[in-house]
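Written below as structure tokens is the structure these notes are about.
The values are calculated or read from the model by the stated rules, or taken from the named source; none is laboratory data. Computed from a prediction, not measured in an experiment: that's the story for all the values here. Using ideal geometry, Cβ is built from the backbone for each residue, glycine included, and neighbour counts are taken over all protein chains shown.
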Amino acid sequence: MIMGATDGMSDIVQLDGIQYRALVALRYVNACEAICKGMRTQRAVNDFYFVITLRGFIEYSRRGIWFLVWASDEVLRQAEKPTFKQPSSPPLVEMDAMINDALGQAKVPHLINKLEDINEPFLHCLHARVAHSSGWERRPFTGE
């Protein structure tokens, strides 16, 4: 059941399980779109912000797919109550492996592939600079 307000009145719409699953996934897709729009405004303006936000974009896109395909009905019910405590979906790397497996690419999380010349997983490179950011945010992102 989804509740919403229009013109000061409450509307209640009954959704079946498939419709509700699609609604939860659509919320994540909408969040991804908003994150992507924000990222576009910061590319080459504030590359530090861009790189940190990219990690959030990747996580929200994977989480939306996970809710659409794998979430149980109970987990979907929990998704209606937003929380920052802990997501009810698996860790990001595990979701990435599940999605790749479903796409026929084996159950391998490509997000942890090491980048050449850096020798660190791609995902770690998206937040590792936070601890070492003295002045970094003013330098253009080159992957180094």
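Observations, loosely collected:
- Which numbered condition Gly8 fails, given (1) surrounded by fewer than 17 Cβ atoms within 10 Å (Cβ to Cβ); (2) at pLDDT 85 or above: (2)
- Sole exception among (1) within 22 Å of Pro109 (Cα to Cα); (2) assigned to a loop (DSSP other than H, G, I, E, B) for Val45, by number: (1)
For every residue, the table says whether it meets (1) surrounded by fewer than 18 Cβ atoms within 10 Å (Cβ to Cβ); (2) in contact with a helix residue (DSSP H, G or I) (Cβ under 7 Å, 6 or more places away or on another chain); (3) hydroxyl-bearing (Ser, Thr, Tyr).
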position: Ile18; (1), (2), (3): yes, no, no
position: Tyr28; (1), (2), (3): no, yes, yes
position: Ala31; (1), (2), (3): yes, yes, no
position: Asn46; (1), (2), (3): yes, yes, no
position: Thr53; (1), (2), (3): no, yes, yes
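- Ala31 fulfils the conditions (1) among the small types (Gly, Ala, Ser); (2) under 18 Å from the mean Cα position of the chain (by Cα); (3) at pLDDT below 85; (4) not in a loop (DSSP other than H, G, I, E, B) except for a single criterion, (3).
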